[in-house]
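Computed from the coordinates by the stated procedures, all read-outs in this text should not be read as laboratory data. From a predicted model like this one, the values you see are computed outputs, not experimental measurements. Glycine gets a Cβ as well: all are built from the backbone with ideal geometry, and neighbour counts include every protein chain shown.
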Amino acid sequence: MIKLFNYAINIGEQMLISGAEVHRVEESITRMCRAFGAVRTDVFIITSSMVVTIHTPNGETYTQTRRVMNSSSNFEKLHLLNDLSRKICQKGITEQEIEERFNEAIHCKKNSVLSEFVSFAVIACAFTLFFGGNLTEAAISFFVGAIVRLGIYFCSKVTKSKIFDKFLAATIATSLAFVAVKIGWISSVDMIIIGNIMSLIPGIGLTNALRDLFTGDSISGLLRLIEAALIALSIAAGYFLVAFLGGFAL
């Protein structure tokens, strides 16, 4: 039975790492443990820590704590884990199938690095056009977006800090935009910068923070809200640093 409880906690941990809201993870773990035969399950989760206590029918108590170091948005993985948790709650799956499906979710295919580079470039180009940029600005924004993603890629090899990642990305985008103005390709940096910064804004993090707050998970909601605010400030700091050093700041 303890092994089955470990499966429930492992699934919940991976859901949290994949970007699931705290209340969803808590509810999923509680339902899975109940399906495994737990009399009572007490789950406390914040964005960086999990504490799960399970009371078995024979009167034993089992507590496990997990430290969650990193998190990102992986919706394919989250979908597979959600589907697995529903199968467990319906009690229509064996222990071997649980292990197989869990391993399948953990090792699900990720987007290639090349596709991420192209996606960043296309998104930057599209936002530049959306906010009123011309074709020249959109073309420059396309290449700037690819270079920004390259900077994030190498930065992720050194540190796992989202704040530093976004600071570096904003610095690169702003620097290249000012270089394009100096060369004379464009007359203003506005459309280049806004096109690239839009892909850096922590929209998913802010949405999850608000959802956690609305569902009563105040601590997790506030932590995610603070993280989103710090990321936004790091983006602004990256712009200001380049503008100040380049003599463009007011």
Using only the alpha carbons of the stretch 2-106, determine the length spanned along each of the three principal axes and report them from longest to shortest in whole angstroms. 39, 29, 18
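Where nothing but the Cβ of Lys and Arg (+1) and of Asp and Glu (-1) is charged, how large is the charge dipole of the stretch 36-104 around its Cα centre, in debye to the nearest 20?
With Lys and Arg at +1 and Asp and Glu at -1, about 260 debye.
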Relative to the longest principal axis of the chain, what angle (0 to 90°, nearest 10) does the C-alpha long axis of helix 22-35 take? 20 degrees
Could you let me know the centre-to-centre spacing of the stretch 129-186 and the stretch 205-222, using Cα atoms, in angstrom? 30 Å
Take the chain, connect every pair of alpha-carbon atoms lying under 10 Å apart with a spring to form a Gaussian network, then pick out the residue of Ile172, Ile88, Ile106 with the largest mean-square fluctuation. Ile106
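Sum up the charges of everything whose Cβ sits under 15 Å from the Cβ of Arg24, counting Lys and Arg as +1 and Asp and Glu as -1, but leave Arg24 out. Intermediate values should be presented prior to the final figure.
Working: positive: Arg31, Lys77, Arg86, Arg211, Arg224; negative: Glu13, Glu21, Glu26, Glu27, Asp83, Asp212, Asp217.
Around Arg24, the charge tally is -2.
Restrict the search to the stretch 47-117; then list the trypsin sites (Lys or Arg not before Pro) that DSSP places in a loop and that have at most 15 other Cβ atoms within 10 Å of their Cβ.
Values: sites: Arg66, Arg67, Lys77, Arg86, Lys87, Lys91, Arg101, Lys109, Lys110; in loops: Lys91, Lys109, Lys110.
Here the trypsin sites (Lys or Arg not before Pro) that fit, given the DSSP loop and packing criteria, are Lys91, Lys109, Lys110.
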